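Below is one structure, written out as structure tokens, with a few remarks after it.
The values are calculated or read from the model by the stated rules, or taken from the named source; none is laboratory data. Just so it is clear, the model here is predicted, and its values are computed rather than measured. So basically every Cβ, Gly included, is an ideal-geometry build from the backbone, and we count neighbours across all protein chains shown. Side chains included, ligands, DNA and RNA excluded: accessible areas come from the protein's heavy atoms. Shrake-Rupley method; radii C 1.70, N 1.55, O 1.52, S 1.80 Å.
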Amino acid sequence: QVQLVESGGGLVQAGGSLRLSCAASGRFFSINVMGWYRQAPGKQRELVASLTTGGITNYADSVKGRFTISRDNSKNTVDLQMNSLKSEDTAVYYCSAVVVPNPTLVEYRYWGQGTQVTVSS
């Protein structure tokens, strides 16, 4: 079983910055991808940013140039630095990890409990 614990959400004014952090713990063989998704009220959950073990990043077009994802593979942590925040960034942000439990099993996606980010205009 894998646990993802997020921290760093909160209330910020438009144009401000926040940093989200997520730490994975538990028993597993490897983590292939770590990332962040978000879900605003009435909308589907969407990818914000992801980062593979090999360093390949993927960003939503709406956050490119404003958000930066980073990862510490040795500590199984992933951070999301969010700058120039806009009201449309308001959502619950979820940490996600694609985990290989052991070499004989297929990978599985785990989710954190979510952290609220509210940007006031």
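Scanning the stretch 54-71 for residues that are in a loop (DSSP other than H, G, I, E, B) and touching a Ser or Thr at 6+ places or on another chain (Cβ under 7 Å) returns a single hit, Arg66. Kindly list the number of the only condition in (1) closer than 18 Å to Leu18 by Cβ; (2) not in a strand (DSSP E or B); (3) not small (Gly, Ala, Ser) that fails for Val106. Condition (1) is where Val106 drops out.
Annotation: of all residues in the stretch 8-60 being among the charged types (D, E, K, R) and at pLDDT 95 or above, the one that is farthest from Asn76 (Cα to Cα) is Lys43.
Of the residues Ala91, Ala49, which is touching a Leu at 6+ places or on another chain (Cβ under 7 Å) and among the hydrophobic types (A, V, I, L, M, F, W, C)?
Among Ala91, Ala49, only Ala49 is touching a Leu at 6+ places or on another chain (Cβ under 7 Å) and among the hydrophobic types (A, V, I, L, M, F, W, C).
Only a single criterion out of (1) open to solvent by less than 50 Å² (accessible area, probe 1.4 Å); (2) not in a strand (DSSP E or B) is not satisfied by Gly42, namely (1). If Val33 passes every condition in (1) over 21 Å from Ser120 (Cβ atoms); (2) free of Cβ contacts under 8 Å to residues at least 40 places away in the same chain; (3) surrounded by 15 or more Cβ atoms within 10 Å (Cβ to Cβ) but one, which one does it miss? Exception for Val33: condition (2).
Each residue in the stretch 45-95 was checked for being small (Gly, Ala, Ser), within 14 Å of Val119 (Cβ to Cβ) and open to solvent by less than 50 Å² (accessible area, probe 1.4 Å), and 1 pass.
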